[in-house]
1. Here are some residues: Ala161, Ala187. Which one is without any contact (Cβ under 8 Å) to a residue 60 or more places away in the chain, closer than 17 Å to Val14 by Cβ and surrounded by fewer than 24 Cβ atoms within 10 Å (Cβ to Cβ)?
2. Only residues in region 10-27 that are in contact (Cβ under 8 Å) with a residue 40 or more places away in the chain count as the first member; pair them with residues that are of a type in the set (Val, Ile, Thr) and surrounded by 24 or more Cβ atoms within 10 Å (Cβ to Cβ), Cβ under 6 angstrom, at least 6 apart or cross-chain, and list the lot.
3. Quick one: would you say Leu53 is in contact with a Lys or Arg (Cβ under 8 Å, 6 or more places away or on another chain) and in contact (Cβ under 8 Å) with a residue 12 or more places away in the chain?
4. In the set Ser158, Ser118, Ser122, which member is within 25 Å of Ala23 (Cα to Cα) and in the same structural domain as Gly287 (by TED's automatic domain parsing)?
5. If you go through region 297-305 one residue at a time, do you hit one that is of a type in the set (D, E, K, R), in the same structural domain as Thr139 (by TED's automatic domain parsing) and surrounded by fewer than 21 Cβ atoms within 10 Å (Cβ to Cβ)?
6. Does Val100 qualify as being in the same structural domain as Ile128 (by TED's automatic domain parsing), modelled with pLDDT of 95 or more and not in a loop (DSSP other than H, G, I, E, B)?
7. Are any of the residues in region 302-321 farther than 24 Å from Leu192 by Cβ, of a type in the set (Asp, Glu) and modelled with pLDDT of 95 or more?
Amino acid sequence: MLKRVAILANGGDVAGLNPVIRAIKRTAEENKIECYGFIDGYKGLVENKFIRLDHQPIANGILPRGGSIIGSSTNTIVFNYKVTNPDGSVEYKDLSDLCVQNMMNDRFDCLFTLGGDSTQKSARDLYIKGINVIGVPKTIDNDVMCTEITFGNNTAVSVAAEALDRLHTTAETHHRIMCLEVMGRYAGWIALESAIAGGADVALIPEIPYDINKVVDSIKRRIARGKQFSVVVVSEGAKEKNKEASTYNADIDSKTGISVKFAGAGDKVAKQLQDLIGLESRCTTLGYMQRGGTPTAYDRVLSTKYGAKAMEFAMEGKFGILTVIKNGKLDYVPLEEVVGNNKELGAVEGGTEDSNIRYVTMDHELVKTARDIGICLGD
């Protein structure tokens, strides 16, 4: 019988984290279960820093708030944790046993991990080492495998669609090509959905390496019809045929997380289109605007459903799972399925070739819809 549970949020912030935390906490309160939150994700688990959430003022009024009241950590891998010694030297230690011991000492019966691919990879590994874990899929990219939707994605798409509405008026007024670069390293869900919602003319996504000449031809056909402007959505991971995506070294320790960042795809496309078409082209990179701020009503409901259901699964004794939505209904899958081929215990990061990422498939209805209404996908 559950008595004490803990939550951690890991990875980049998204709108919807606080509603999930609230739903877990309130379901715990209804069942007289104590609820706590580790501060700053896996870092808090290593350092054993946590706060109580049930019946506490800090957890009041958080449904509409963006971010996370318990923080979040990025590039924190408990199996390869960066430790700075008193003499200033640095070494990397496997502190997963310490995490297990902290959970035991604190008498926590279950740990809820709110995060994406990398977070759930570590959750699977900690489950193997003896921690009762239940994952909740969080990422604006919507690329966590085995679930139809992740919380945070809808808010990001809504922000991108609003940006496209605003860029549309500038493009039309000044007869320009306006490009909007959105997030999506390996999966183009944000770019594709926002392009449809925002009335874009072109959407370039990682799953479809683009031919810039096909994009040029599409825009020129618009010009021939009297449309002296175009709006283009570019996923940060979009790449030309037979070329690599636009990346840079982020100067992040490769032993503790993802060291390569994506940037410049939108600027590249804007310059190419200006050179090849002659219309003035500009790029707006939405960046972290997609992550922050108030969650949409959709994400508030989705997050609440996820959190409440995750707590239900805990009370039923179902651990080592990810709470998912399949065929429109709440369900769960073993974390082992989410991990995919990235089986190595304590692997440094997710987002690798072996990860089980949910890509946009060519037979998906969003792709078909985009083609039906004349959105150029660059192929």
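1. Only one candidate passes the filter, namely Ala161.
2. Asn10/Thr119; Gly11/Thr119; Val14/Ile140; Ala15/Thr155; Val20/Val136; Ile21/Ile7; Ile24/Ile7
3. Yes: the conditions hold for Leu53.
4. Working: Ser118 fails: in the same structural domain as Gly287 (by TED's automatic domain parsing); Ser122 fails: in the same structural domain as Gly287 (by TED's automatic domain parsing).
Sole residue among the options that is within 25 Å of Ala23 (Cα to Cα) and in the same structural domain as Gly287 (by TED's automatic domain parsing): Ser158.
5. The answer is yes; a qualifying residue exists.
6. On the way: in the same structural domain as Ile128 (by TED's automatic domain parsing): yes; modelled with pLDDT of 95 or more: yes; not in a loop (DSSP other than H, G, I, E, B): yes.
Yes: the conditions hold for Val100.
7. Scanning region 302-321, I find at least one residue that is farther than 24 Å from Leu192 by Cβ, of a type in the set (Asp, Glu) and modelled with pLDDT of 95 or more, so the answer is yes.
The values are calculated or read from the model by the stated rules, or taken from the named source; none is laboratory data. None of these values were measured; they are calculated from a predicted model. Quick reminder, even Gly has a Cβ in these numbers, built from the backbone with ideal geometry, and neighbours come from all protein chains shown.
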